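Take a look at the structure below.
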Amino acid sequence: MTPNRKSVGKQIALILLIAIVVPITIIGMMAILMMRNQINERYENQVKAENTRVKSILFDVTSSMYTNCEPIVSIQAYRDLLGGKNYGYEEELQYQAMTGAITSLQRTTAALSSIRVYTNNPLIPEGNNVVNVSQNKEKDPFSVYEWYQGIDPMAWDSYTCTHVPLNDTEEDYELTLVRRFNTGTGNLRAYVVVTISTNYLRNRLLTTDDYILISLGDKPVFFSSIYGEQEQEMPVAVTGDEYNYLGTLELKGKKQLTYLSSFVPYKVNDRFFVMVGDKEARDTLVSLLRSFSIVLVLAILGPLLAITGYTRYFTMRVKTLREAMHQASLGDYDIVDSISGEDELAETFYDLKKTTEQIRENESKYYEAKIRQQNLINMQQQMELKMLAGQINPHFLYNTLEAIRMQAVRGGDLDVATSVKYLAKIMHYVLESTGRSMSTLEDELKHVDSYMQIQRLRFGDKVNWNFYITDGVDAASYPMLPLLLQPIVENAVGHGLKNMDHSGHVSIIAEYEQPQEGRESSLIITVNDDGLGMSEEEVAALNASLQEKRVEDDGKGASSIGLYNIHQRIRLYYGKDYGMQIRSKEGKGTSVVLTLPHKGEKQHES
């Protein structure tokens, strides 16, 4: 393996990381962000809704308070009383009516903490709900009062915040409505001052656990959802006519989702600021994000550990397979079963093991074949030596046969002379073929003709033959192994025609078959006889004997061996695509078909 090439295990790990871990991470992060945004949006809507609820209640309370004061401020008789320069019986009646109305309003209005009328008219007597400030020596006698210090003296209606005593030691900081009477004079003034009960506001507003702060303009907070936190400054500086803030603030030592907004009360030119903080929103959001982050980490860590473990396991098995293959490449085929399972790697390992076993078996067969081949070579050499030893000078043998033939001619025995002539031809061809590897189709046919001539002298007209050489087949130049056709013809005469009670016929046909895809057409030589033929079982057995040498005790042993030798000679010399095939039908005769190369060239080196 080259240094810059990643191993299969690393490649698998990388692919799995890209295909599983990265998408899980991306999808998980997107899911967390979407969840965070959705939850945050939900809490923002909740805190906005709570802020709107608080503003609605405060607007309702202030509007009610404003309208409840209207019967006191708008009655002309009360105005005339407070701006009048005389005080008699009629004025006394009006005074009693005004104080009675104030007392009734205080008793019937739960939101009202206190209500008083302040006047600088010296004629107006003081009472439970009326304060005469004319005795004050200041330039502006109203200036000593806290409520007056927080308003515009020339405004008709104003809101401010004042301290209201609860008992001898405690006081409250409450919202105060100040409305000025229209007395018709510039020097005589009167105000009705109404404080709104903080406890009433608390009962109306505190229905949730949210943190609530309310202030008037730039004044300190007059309402807090937590006792004792009035008069603190708003956590955010509030300025301007319209103000909205949505975000996280540090409130009470804890970050809270906060929404601050403002509104203008009914018919009063002031502005209230309402802030609502959700104490649980941020903690809940952080907790959910933490939980989802843990789930995401586990979702990533699980596949990561699985991928790491699997790649190590896979790499180990691949390494084992490589070692086994290397062992086999060195010729050591004793491979131990070290990969288990039923996957492709295990199957590959088992295939490798089977392959090594097959190689070992083939090697054994190869060496056995080499031994058999060497034995055959030795036997052939011995046979050649015997043949050489038994070959008396061919010229002497030919001369002797020729002398016998001439004596037969002189004696008038022409059959003997003819027999001797063809026998000499046969022996001459056989002896010549022993010393050479190739002959021609023409020579093979002449040899067969000489053999058939002798058989005719023997059997008379019972034996007939002919040759059919189709156009395109050049018998004189087509090379072929010697002594292939004569044994087949001999077998046809000896087994096909000898027991017939009428004349028999042997034909040899040489023709080229139709060309097949990928290779040239073959030469087909067919030896036909019209003899007795054979059954299907006999034909099958005979064709099987061509593949394996058999000697059967049925009177056909020698012919079977001869046909086997011819078939094996063709296959060894030309290749496994060529050879011999036998066809026969009982009563119809037998055909022996030889398939040879198109040009008679050697195809396979044995």
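The values are calculated or read from the model by the stated rules, or taken from the named source; none is laboratory data. From a predicted model like this one, the values you see are computed outputs, not experimental measurements. We place every Cβ from the backbone using ideal geometry, glycine too, and count neighbours over all the protein chains shown. Protein only, heavy atoms only, side chains kept; ligands, DNA and RNA dropped before computing areas. Shrake-Rupley method; radii C 1.70, N 1.55, O 1.52, S 1.80 Å.
Please enumerate the residues belonging to segment 152-182 that are open to solvent by 20 Å² or more (accessible area, probe 1.4 Å) and part of a loop (DSSP other than H, G, I, E, B).
Once the filter is applied, which keeps residues that are open to solvent by 20 Å² or more (accessible area, probe 1.4 Å) and part of a loop (DSSP other than H, G, I, E, B), segment 152-182 yields 152, 153, 154, 155, 156, 166, 167, 168, 169, 170, 182.
Every residue in segment 289-300 that is open to solvent by 50 Å² or more (accessible area, probe 1.4 Å) and either under 19 Å from the mean Cα position of the chain (by Cα) or at pLDDT below 80 (or both), please.
292
Give the residue that is farthest from residue 172 (Cα to Cα), with candidates limited to residues of segment 91-130 that are in contact with a strand residue (DSSP E or B) (Cβ under 6 Å, 6 or more places away or on another chain), of a type outside the set (A, V, I, L, M, F, W, C) and not in a loop (DSSP other than H, G, I, E, B).
This residue is 119.
Would you check if residue 39 is of a type in the set (A, V, I, L, M) and within 30 Å of residue 292 (Cα to Cα)?
So residue 39 passes the test.
Out of everything in segment 419-460 that is in contact with a Leu (Cβ under 6 Å, 6 or more places away or on another chain) and modelled with pLDDT of 80 or more, what residue ends up being surrounded by the fewest Cβ atoms within 10 Å (Cβ to Cβ)? Please lay out each step first, then the result.
Initial filter on segment 419-460 (in contact with a Leu (Cβ under 6 Å, 6 or more places away or on another chain)): 419-420, 424, 433, 444, 448.
With modelled with pLDDT of 80 or more added as a condition, the list becomes 444, 448.
Values: 444: 24, 448: 22.
Only one residue tops the list, namely 448.
So the check is Cβ under 6 Å with 6+ separation or different chains; which pairs have a first residue in segment 299-318 that's acidic (Asp, Glu) and a second one that's open to solvent by 60 Å² or more (accessible area, probe 1.4 Å)?
Here the result reads none, with nothing in segment 299-318 linked to a residue that is open to solvent by 60 Å² or more (accessible area, probe 1.4 Å).
State whether one or more residues within segment 102-119 are farther than 15 Å from residue 193 by Cα and buried (at least 16 other Cβ atoms within 10 Å of the Cβ). Walk me through how you get there before you give the answer.
First pass over segment 102-119, keeping only residues farther than 15 Å from residue 193 by Cα: 104, 107-108, 110.
The next check asks that each one be buried (at least 16 other Cβ atoms within 10 Å of the Cβ); those that pass are none.
No, the conditions are met nowhere in segment 102-119.
Show the residue pairs meeting these rules: Cβ distance below 6 Å; 6+ apart or different chains; first residue within segment 169-188 and on the phi > 0 side of the Ramachandran plot; second residue at pLDDT below 95.
Pairs found: 184/83.
Taking the criterion of being open to solvent by 10 Å² or more (accessible area, probe 1.4 Å) and in contact with a Leu (Cβ under 8 Å, 6 or more places away or on another chain), would at least one residue in segment 136-149 satisfy it?
No, segment 136-149 has no match at all.
Looking at 46, 135, 106, can you tell me which residue is under 30 Å from residue 285 (Cβ atoms) and not hydrophobic (A, V, I, L, M, F, W, C)? Walk me through it before giving the result.
Values: 135 fails: under 30 Å from residue 285 (Cβ atoms); 106 fails: under 30 Å from residue 285 (Cβ atoms).
Criteria check complete, one pass: 46.
Of the residues 43, 87, which single one is touching a Leu at 6+ places or on another chain (Cβ under 7 Å), hydroxyl-bearing (Ser, Thr, Tyr) and either at positive phi or outside any helix (DSSP H, G or I) (or both)?
Numbers: 43 fails: either at positive phi or outside any helix (DSSP H, G or I) (or both).
One residue alone meets the criteria, 87.
Report yes if some residue within segment 138-146 is among the aliphatic types (A, V, I, L, M) and closer than 29 Å to residue 266 by Cβ; otherwise report no.
no
On the given criteria, is residue 244 closer than 29 Å to residue 160 by Cα, open to solvent by 70 Å² or more (accessible area, probe 1.4 Å) and either in contact with a Ser or Thr (Cβ under 7 Å, 6 or more places away or on another chain) or among the hydrophobic types (A, V, I, L, M, F, W, C) (or both)? Quick ask: steps written out before the conclusion?
Numbers: closer than 29 Å to residue 160 by Cα: yes; open to solvent by 70 Å² or more (accessible area, probe 1.4 Å): yes; either in contact with a Ser or Thr (Cβ under 7 Å, 6 or more places away or on another chain) or among the hydrophobic types (A, V, I, L, M, F, W, C) (or both): yes.
It is true that residue 244 is closer than 29 Å to residue 160 by Cα, open to solvent by 70 Å² or more (accessible area, probe 1.4 Å) and either in contact with a Ser or Thr (Cβ under 7 Å, 6 or more places away or on another chain) or among the hydrophobic types (A, V, I, L, M, F, W, C) (or both).
Write out, first by first residue and then by second, each pair whose Cβ atoms fall under 9 Å of each other, whose residues are 6+ apart or on separate chains, and whose first residue, in segment 85-99, is open to solvent by 40 Å² or more (accessible area, probe 1.4 Å) while the second is aromatic (Phe, Trp, Tyr).
Between residues of segment 85-99 that are open to solvent by 40 Å² or more (accessible area, probe 1.4 Å) and residues that are aromatic (Phe, Trp, Tyr), the close pairs are 87/95; 94/78; 97/78.
For residue 188, are the conditions met, namely being within 22 Å of residue 61 (Cα to Cα), among the aliphatic types (A, V, I, L, M) and crowded, with 19+ Cβ neighbours inside 10 Å? Write out each step before concluding.
Numbers: within 22 Å of residue 61 (Cα to Cα): no; among the aliphatic types (A, V, I, L, M): yes; crowded, with 19+ Cβ neighbours inside 10 Å: yes.
So residue 188 does not fit the description; no.
Of everything in segment 314-327, what is among the aliphatic types (A, V, I, L, M) and open to solvent by 50 Å² or more (accessible area, probe 1.4 Å)? Give them in sequence order.
316, 325
Do we have residue 330 as open to solvent by 90 Å² or more (accessible area, probe 1.4 Å) and either at pLDDT 80 or above or touching an Asp or Glu at 6+ places or on another chain (Cβ under 9 Å) (or both) here?
Numbers: open to solvent by 90 Å² or more (accessible area, probe 1.4 Å): yes; either at pLDDT 80 or above or touching an Asp or Glu at 6+ places or on another chain (Cβ under 9 Å) (or both): no.
So residue 330 does not fit the description; no.
Looking only at segment 260-288, count how many residues are within 39 Å of the chain's Cα centre (by Cα) and open to solvent by 40 Å² or more (accessible area, probe 1.4 Å).
First, pick out the residues of segment 260-288 that are within 39 Å of the chain's Cα centre (by Cα): 282-288.
Retained after the next criterion (residues that are open to solvent by 40 Å² or more (accessible area, probe 1.4 Å)): 282-284, 286-288.
Within segment 260-288, residues that are within 39 Å of the chain's Cα centre (by Cα) and open to solvent by 40 Å² or more (accessible area, probe 1.4 Å) number 6.
Residues being assigned to a helix (DSSP H, G or I) and under 30 Å from residue 217 (Cβ atoms): count how many of those fall in segment 262-318. Steps first, answer last, please.
Going residue by residue through segment 262-318, those that are assigned to a helix (DSSP H, G or I) are 281-318.
If we keep only those that are under 30 Å from residue 217 (Cβ atoms) too, we end up with 281-282.
Number satisfying all stated conditions: 2.
Taking the condition in contact with a strand residue (DSSP E or B) (Cβ under 9 Å, 6 or more places away or on another chain), closer than 22 Å to residue 187 by Cα and small (Gly, Ala, Ser), does residue 88 pass? Quick ask: steps written out before the conclusion?
Working: in contact with a strand residue (DSSP E or B) (Cβ under 9 Å, 6 or more places away or on another chain): no; closer than 22 Å to residue 187 by Cα: yes; small (Gly, Ala, Ser): yes.
Judged against the criteria, residue 88 is not a match.
Residue by residue through segment 510-538, note down the ones that are aliphatic (A, V, I, L, M) and either open to solvent by 70 Å² or more (accessible area, probe 1.4 Å) or at pLDDT 90 or above (or both).
Kept after step one, since they are aliphatic (A, V, I, L, M), are these residues of segment 510-538: 510, 523-525, 527, 532, 534.
Of everything in segment 510-538, those that are aliphatic (A, V, I, L, M) and either open to solvent by 70 Å² or more (accessible area, probe 1.4 Å) or at pLDDT 90 or above (or both) turn out to be 510, 523, 524, 525, 527, 532.
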